[in-house]
Amino acid sequence: MTLLKIISGVLILITAFLSFKHGWDGLSMKSETNEMVNALGISKSVIIGISILSLAVGALVLFPQTFFIGNVLNAMLIVLIMALSLKTGNLKTALIEIPFLLMPLLMIYLGHPLKK
């Protein structure tokens, strides 16, 4: 197994974990989620939609057949969060999201480690 496949595998696990965690937190409406709703100026129904998409990303990136679309969807969600942050004047949150935006792009470049 090459080093790039190992890196790709680790990134997949991190992405799946974060996607499931953020998706579940959004659906359970924890206190930090409510803070994000208020900070971004979006409704709870939008948070539920984003949370469901985040859970889908967690599942999609695990399989080689849906790996690409999962990463594209993940990048789109991150850009959406960045745009909403900038809309409300929260530059710090938008800048914090940059490394998380680079992750799905790097994963697309590396490819799924189990793809034949």
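Taken as a whole, region 43-63 holds no residue that is touching a Lys or Arg at 6+ places or on another chain (Cβ under 8 Å), surrounded by fewer than 18 Cβ atoms within 10 Å (Cβ to Cβ) and either over 30 Å from K115 (Cα atoms) or of a type outside the set (A, V, I, L, M, F, W, C) (or both).
Contact map, region 70-86: residues that are more than 16 Å from Y109 (Cα to Cα) and touching a residue at least 12 places away in the same chain (Cβ under 8 Å) paired with residues that are among the polar types (S, T, N, Q) and surrounded by fewer than 20 Cβ atoms within 10 Å (Cβ to Cβ), Cβ distance under 6 Å, separation 6+ or inter-chain. Pairs shown: S85/T93. Mind counting the residues in region 30-57 that are of a type outside the set (A, V, I, L, M, F, W, C), within 24 Å of K92 (Cβ to Cβ) and in a helix (DSSP H, G or I)? Residues meeting the conditions: 9. Each residue in region 45-92 was checked for being within 23 Å of I12 (Cα to Cα) and either among the hydroxyl-bearing types (S, T, Y) or touching a strand residue (DSSP E or B) at 6+ places or on another chain (Cβ under 6 Å) (or both), and 3 pass. Each residue in region 58-116 was checked for being closer than 24 Å to T2 by Cβ, within 14 Å of the chain's Cα centre (by Cα) and assigned to a helix (DSSP H, G or I), and 14 of them qualify.
Here, each number is a calculation from the coordinates, and none is a lab measurement. Model, not experiment: these values are computed from the prediction. All Cβ positions, glycine included, derive from the backbone under ideal geometry; neighbour counts span all protein chains shown.
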